[in-house]
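The values are calculated or read from the model by the stated rules, or taken from the named source; none is laboratory data. Since the structure is predicted, the reported quantities are computational estimates derived from the model, not experimental observations. Virtual Cβ from ideal backbone geometry, glycine too; neighbours counted across all protein chains shown. Ligands, DNA and RNA are excluded from the accessible area calculation, which covers all protein heavy atoms including side chains. Shrake-Rupley method; radii C 1.70, N 1.55, O 1.52, S 1.80 Å.
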Amino acid sequence: MARYEIRKKDGVTTYYPETGQEVFEGTPTTVAPTGTTPAYLASRVGKLYTPEAAKRTLNLVDIGGSKSLFFFSSDAREDEKKHAAWLSAGAGRISQWSSNESAGSRFSDLPDGKKFVYQTQSSLPGEGFWWWAMSVVDFEQGCINMINAWPAGVIWTANIETNNYWQRFYHGDDSGAGNIGHYPPWPEIKGVRIQMESQPGSMTVEELFANPGLQAQEVAVRRSNRFAIMLDVAGRGGADRCFGSTPYQGDPGDQTLTSNTRFLDEADINLNNVGGSNGTIVLNGRTYTNMNGSFWKKQTVNLDYFYYFGFLYDGVYVDASIFENSAHPYHTHTNYPDLYAHMSDGNIVAREIGHWLGVQKRLADVNGGNPIPSIRMTELHYEGNFSRVPNGFGLSGTFLDGGSPKVWITPVSMENMYKTYHFLEGEREKSGFHVFYAAGAPNQGIIYNKDSIAYLNHAWHTHSQLWAARRDMETILDKIANSTLTTDIDIKVGNTGDFQRLNGVSAWNQNKPCAATRHKTTSEGTAVLGLIGFGQDSDTTRTDVIQIPGLSGNMRIQCTYKGPQVFLFECLFPNGVTNQTIIAQSIIASEFKPGYGGRINQ
């Protein structure tokens, strides 16, 4: 039986007959044709993306500024593009690392609600040994001296690396040989007496390390105490604050949604042995409360620091056996578009949703069941030591560490990261997506004289597709706002067999498609936003059918999509309509480029 599509605009209902398989472009009428049935279709969200033809280039599109509560921030700013251009193109916040004292780039000129402060451990008290050895009284005063009392509107975070652990080998052997930076040689510090925090009294460093069990206990308590004090100090002026990492680390695993472990959280805050009582302590005349339990509860926002370390090349993970083999086909590529056609990051939608679910569980565990806003942080490149550009790029020794530059993340993967995280967090104030970028002196994030930087003499499409993803999401903010998120979705995989209940964790571990939806009630029915994705090859098309648990009417959405790009769509479950299948298609024909998001205007 022939079908028609119903389209509504400005209160007028129009019927379009089917002219081909699921193509509805016949002569429209304002009356439903007799002898036909309605077809219910979803609309694809997203526009053509135009990657720059020139190298070293990022073309910003002025969208009149972001309207989203979910902020976007990128440290990787070319010096000639000032703050105003960054904000007009969709940035919601700017960090001090992409600011300087030139006109149009001053951090101090930004409104507080546009500031993202990322403070490194070198500008915090006692980097290395003295962070651990000083008393909590001295540590608190050091934080007061070194962390500004940022006002409300500002988001503050810290980058803690060498201060996460304190181990004996940091100080070298018994003679001190082999010690690492910021941890003095053993003979210099073994006699230092420290006030204990996990138990009453004091002892020398040597005495502490002579008892490995006590040393592990003491380090765990000192870590929690210091992080809690630091976060409270950072918020004293009203700013939101977050620890520079996230309580769930890495890819989804079997224990992601069942384990209660949190990164670095090995002991509760305990200041009872250094003058505190019942969760309260006075330090240098200042009173701190709620000093018990997990230090993670001291955050008001969360920095979801989650980097991709490597990638697949023709289905094989690039490690030393590939990168160090100059005869491997990997090294024949001379430019990013060609390289990207061979690269994959697997099942990214499942990876991102599963990781996010792990973070949400742990944030809820320490915040009375209510997760706080989360900020996804990534770099533009892969992090692993062997994730470096092929020899054919001609860039050996030109990167900041003296090696070949690390490979920019595939544009399609960066788009998937951004769209999925924004979808999950929703229109939630203070949640966001931040790109950390270290260009080196003099101001880290800012790229000065980019034409002179050898490793930038290639396409920078990773960054430009990220901005394009931001623009796509700006078009559906009203549909995201005040909607209900569902991450456990019933999926008929490959449109065969029975429906399976899948979320990001199970989909990642079983290598199956992953979906999430947002819905809300309107006068015409239930409006649905959906996304789905799978780590399939660039030229592969698949169909999966999804159902949203908890919604009545037995409505289904048949999703047909190509390649690894996240497929984002919107549709309506009309009032009074039940037991129907909505057709959602993302079939991309000629406007396609492997390694990029599906619709490319080449």
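Exactly one of (1) of a type in the set (S, T, N, Q); (2) in contact with a Pro (Cβ under 7 Å, 6 or more places away or on another chain); (3) modelled with pLDDT of 95 or more is unmet by Gln465. Its number?
It is condition (3) that Gln465 fails.
From the list Gly237, Gly201, Gly172, Gly142, pick out the single residue that is at pLDDT 95 or above and touching a helix residue (DSSP H, G or I) at 6+ places or on another chain (Cβ under 7 Å).
Gly172
Can you name the residue in segment 276-292 that is free of Cβ contacts under 8 Å to residues at least 24 places away in the same chain and assigned to a loop (DSSP other than H, G, I, E, B) and is also surrounded by the fewest Cβ atoms within 10 Å (Cβ to Cβ) among such residues?
The qualifying residue surrounded by the fewest Cβ atoms within 10 Å (Cβ to Cβ) is Gly285.
Go through (1) open to solvent by 30 Å² or more (accessible area, probe 1.4 Å); (2) in a loop (DSSP other than H, G, I, E, B) for Asp138 and report which single condition fails.
(2)
Within segment 145-153, is there a residue that is open to solvent by less than 20 Å² (accessible area, probe 1.4 Å), modelled with pLDDT of 95 or more, out of contact with any Phe, Trp or Tyr (no Cβ under 6 Å at 6 or more places or on another chain) and in a loop (DSSP other than H, G, I, E, B)?
Checking segment 145-153: at least one residue is open to solvent by less than 20 Å² (accessible area, probe 1.4 Å), modelled with pLDDT of 95 or more, out of contact with any Phe, Trp or Tyr (no Cβ under 6 Å at 6 or more places or on another chain) and in a loop (DSSP other than H, G, I, E, B).
Out of the residues in segment 253-267 that are charged (D, E, K, R) and buried (at least 16 other Cβ atoms within 10 Å of the Cβ), state the one that is farthest from Arg226 (Cα to Cα).
My answer is Arg262.
Which residue out of Tyr448, Tyr437, Tyr418 is buried (at least 18 other Cβ atoms within 10 Å of the Cβ) and farther than 15 Å from Gly46 by Cβ?
Criteria check complete, one pass: Tyr437.
Residue by residue through segment 401-431, note down the ones that are at negative phi and small (Gly, Ala, Ser).
Those that are at negative phi and small (Gly, Ala, Ser): Gly403, Ser404, Ser413, Ser431.
Would you check which residues across segment 553-572 are more than 14 Å from Arg44 (Cβ to Cβ) and in a loop (DSSP other than H, G, I, E, B) and list them?
Gly553, Asn554, Met555, Pro564
Might you let me know whether segment 510-524 holds any residue that is farther than 20 Å from Val45 by Cα, open to solvent by less than 20 Å² (accessible area, probe 1.4 Å) and not in a loop (DSSP other than H, G, I, E, B)?
For segment 510-524, residues farther than 20 Å from Val45 by Cα, open to solvent by less than 20 Å² (accessible area, probe 1.4 Å) and not in a loop (DSSP other than H, G, I, E, B): absent.
Among the residues in segment 485-497, are any outside the structural domain of Thr420 (by the TED database), within 23 Å of the chain's Cα centre (by Cα) and among the basic types (Lys, Arg)?
The answer is no, given that none of the residues of segment 485-497 is outside the structural domain of Thr420 (by the TED database), within 23 Å of the chain's Cα centre (by Cα) and among the basic types (Lys, Arg).
Every residue in segment 339-375 that is polar (S, T, N, Q) and open to solvent by 20 Å² or more (accessible area, probe 1.4 Å), please.
Scanning segment 339-375 gives Ser344, Gln360, Asn367, Asn370.
Does Ser102 satisfy being assigned by the TED database to the domain that holds Leu69, surrounded by 18 or more Cβ atoms within 10 Å (Cβ to Cβ), more than 28 Å from Gln215 (Cβ to Cβ) and at pLDDT below 95?
It is false that Ser102 is assigned by the TED database to the domain that holds Leu69, surrounded by 18 or more Cβ atoms within 10 Å (Cβ to Cβ), more than 28 Å from Gln215 (Cβ to Cβ) and at pLDDT below 95.
Among the candidates Phe323, Phe311, Phe295, which residue alone is at pLDDT 95 or above, surrounded by 14 or more Cβ atoms within 10 Å (Cβ to Cβ) and closer than 23 Å to Ser135 by Cα?
Answer to the selection: Phe295.
Please pick out the residue among Met417, Met377 that is in contact with a Leu (Cβ under 6 Å, 6 or more places away or on another chain) and not aromatic (Phe, Trp, Tyr).
Residue meeting the stated conditions: Met377.
Does Thr378 count as hydroxyl-bearing (Ser, Thr, Tyr) and open to solvent by 10 Å² or more (accessible area, probe 1.4 Å)?
no
Could you check segment 184-230 and list, in sequence order, the residues that are of a type in the set (Lys, Arg) and surrounded by fewer than 17 Cβ atoms within 10 Å (Cβ to Cβ)?
Matches in segment 184-230: Arg193 only.
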